[in-house]
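Undergrad: Take a look at the following structure, please.
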Amino acid sequence: MTVVISLINLKGGVGKTTTTIAVAEMLAGVFYQKVLVIDLDPQTNATVMLIGEERWEALNDNHHTLCQLFLNATDPDNHQFDLVQTLQHQVSNVTDVETLDLLPSSLDLVDIQYKLATIPTGKFYALCPIDILRRGIQPIIEHYDYILIDCPPNLGIITLNGLQISQRYIIPAIPDLLSTYCIPHVIATVHDFSETIGQSIEPLGIVISKYQADMTLHERVIKDLRRYSKDAPVFDAQIHQRQQIAEAAEFLKPHQFSTLKQKWGSLGQFESYLNLTKEIMKRVVA
Ligand SMILES: Nc1ncnc2c1ncn2[C@@H]1O[C@H](COP(=O)(O)OP(=O)(O)O)[C@@H](O)[C@H]1O
Ligand SMILES: [Mg+2]
């Protein structure tokens, strides 16, 4: 069965996208899993990290992004969403990564969020605004071992579309006060949502990202999280703040790197993401 995991935090800049891409690349490149990244964030960061800006622009000009799927729901006369043309195969700029696909996002997605709340619900109210993603990508879900969904920093309708197809979710967080403040709210809201739709969506855990070992505040927040966050246990693997991880956001060309270690860093960064991925794989089957 396909494991579908959303990455969520209500705060921006906490490492949601970077964690999504790194874990997706580890799953595909090290464990030979078939992986799909779904970019639901209008900021399109995951998309641009995986295919670069030029290729994204061409797709966007041709209406081959997830924006079209949501637009169709608000306006059926608009360009039809074309799943085959939109699905990008063998993305990533690492040669070792051969089984990673992408459903790209678009900056235009930002305007759609509000329209979705008012879409006509169709015959017998059968159309539901939180069911658009599931309906749109149903034919390909089972082609994958893992689907990772990079969510925008809110719990709006687009994010709910992602949660709707997820069995699990991960909360990436910088171990500081503002990045962890919303965690209880996220857990409570997703729990409520899952009860409402009658489907289990369980927290897999909290990923400590951009950790700075010399900051006593980070140490303190991590201790508190480990002690109190029983619903979403903190992963043992911690991702330190490192320049090479920030640089990994830059897509220059396909085959920019031969190995994942070259891309993410050989001073422990690659191992941290690898260990995190192992923990995720373990928790998924636990
Ligand atoms: N471990 C890290 N070390 C250094 N920079 C990082 C790290 N993780 C993410 N970044 C950088 O921090 C910024 C925010 O990360 P990002 O993954 O885009 O967060 P989000 O998706 O939550 O907004 C980006 O510029 C990214 O490259
Ligand atoms: Mg992001």
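The values are calculated or read from the model by the stated rules, or taken from the named source; none is laboratory data. In this text the structure is predicted, and so the values were computed from the model without any measurement. Cβ placement follows ideal geometry from the backbone for every residue including glycine, while neighbour counts extend to all protein chains displayed. To get the accessible areas, we keep the full protein, side chains included, count just its heavy atoms, and leave off ligands, DNA and RNA. Shrake-Rupley method; radii C 1.70, N 1.55, O 1.52, S 1.80 Å.
Undergrad: Rounded to the nearest 20 debye, what is the charge dipole size of the range 3-285 about its Cα centre when +1 sits on each Lys and Arg Cβ and -1 on each Asp and Glu Cβ?
TA: Computed charge dipole of the range 3-285: roughly 820 debye.
Undergrad: Taking only protein heavy atoms into account and a 1.4 Å probe, give the accessible area per residue of the chain in Å².
TA: It amounts to 46 Å² per residue over the chain.
Undergrad: GluC sites (Glu not before Pro), restricted to the range 193-286: which are DSSP loop and have at most 14 other Cβ atoms within 10 Å?
TA: Answer in residue order: GLU250.
Undergrad: Taking the Cα centre of the range 13-91 as origin, work out the dipole magnitude from +1 charges on Lys and Arg Cβ and -1 charges on Asp and Glu Cβ, in debye rounded to 20.
TA: In total the dipole reaches around 400 debye.
Undergrad: Tell me, what ³J(HN,Hα) does each residue in the range 87-94 have, in order and in whole Hz, if you take phi through Karplus 6.51 cos²θ - 1.76 cosθ + 1.60 with θ = phi - 60° and put x for Gly and Pro?
TA: 5, 9, 8, 6, 7, 5, 9, 10
Undergrad: Output the relative contact order of the range 3-285, whole-number percent, from Cα pairs under 8 angstrom with separation of 6+ residues.
TA: Relative contact order of the range 3-285: 27 percent.
Undergrad: Testing the spin-label approximation: label points 7 Å from Cα along Cα→Cβ at LYS261 and ARG134. State their distance in nm.
TA: 4.3 nm
Undergrad: Shifting gears a bit: Find out how many positive minus negative residues lie around LEU71, taking Lys and Arg as positive, Asp and Glu as negative, among other residues whose Cβ is under 11 Å from that of LEU71.
TA: Result for the local shell: -3.
Undergrad: Separate question: Stokes-Einstein diffusion coefficient for the chain at 20 °C in a medium of 1.002 mPa s, Rh from the Kirkwood formula over Cα pairs: what value in µm²/s?
TA: The estimated diffusion coefficient comes to 112 µm²/s.
Undergrad: Using a cut-off of 28 Å between alpha-carbon atoms, which lysines can reach LYS11, once sequence neighbours fewer than 8 places away in the same chain are excluded?
TA: LYS115, LYS210, LYS223, LYS230, LYS263, LYS278, LYS282
Undergrad: Next up: Rounded to the nearest Å, what's the spacing between the alpha carbon centres of the range 43-113 and the range 246-286? Just the number, please.
TA: 23 Å
Undergrad: Sticking with this structure for a sec: The range 136-192 to the range 194-234: how many Å between their Cα centroids?
TA: The two parts, judged by their Cα centres, are 14 Å apart.
Undergrad: Same structure again: Which whole-number percent is the relative contact order of the range 78-221 (Cα, under 8 Å, 6+ apart)?
TA: Dividing the mean separation by the residue count of the range 78-221 yields 17 percent.
Undergrad: As a test of the formula, what do you get for the chain when each DSSP H run with n ≥ 4 contributes -39,500 (n - 2.57) and the sum is divided by the residue count, at 222 nm and rounded to the nearest 500 deg cm²/dmol?
TA: Per the formula, -13000 deg cm²/dmol.
Undergrad: Hey, another quick one. In angstroms, what radius of gyration and Dmax does the range 155-280 have, counting Cα atoms only?
TA: Computed over the Cα atoms of the range 155-280, radius of gyration and Dmax are 16.4, 46 Å.
Undergrad: Run through the range 152-196 and list the chymotrypsin sites (Phe, Trp or Tyr not before Pro) located in a DSSP loop whose Cβ has at most 16 other Cβ atoms within 10 Å.
TA: In loop regions of the range 152-196 (DSSP not H, G, I, E or B), the sparsely surrounded chymotrypsin sites (Phe, Trp or Tyr not before Pro) are TYR181.
Undergrad: Test of understanding: in a Gaussian network model of the chain with alpha carbons linked when under 10 Å, which of PRO233, PRO139, PRO129 would top the mean-square fluctuation ranking?
TA: It is PRO139.
Undergrad: At 1.4 Å probe size, with the rest of the protein present, what percent of the exposed accessible area of the chain is carbon and sulfur atoms?
TA: 53 percent
Undergrad: For the range 133-147, list residues with backbone N below 16 Å from a point placed 7 Å from the Cα of VAL285 toward its Cβ?
TA: Within reach of a label on VAL285: 145-146.
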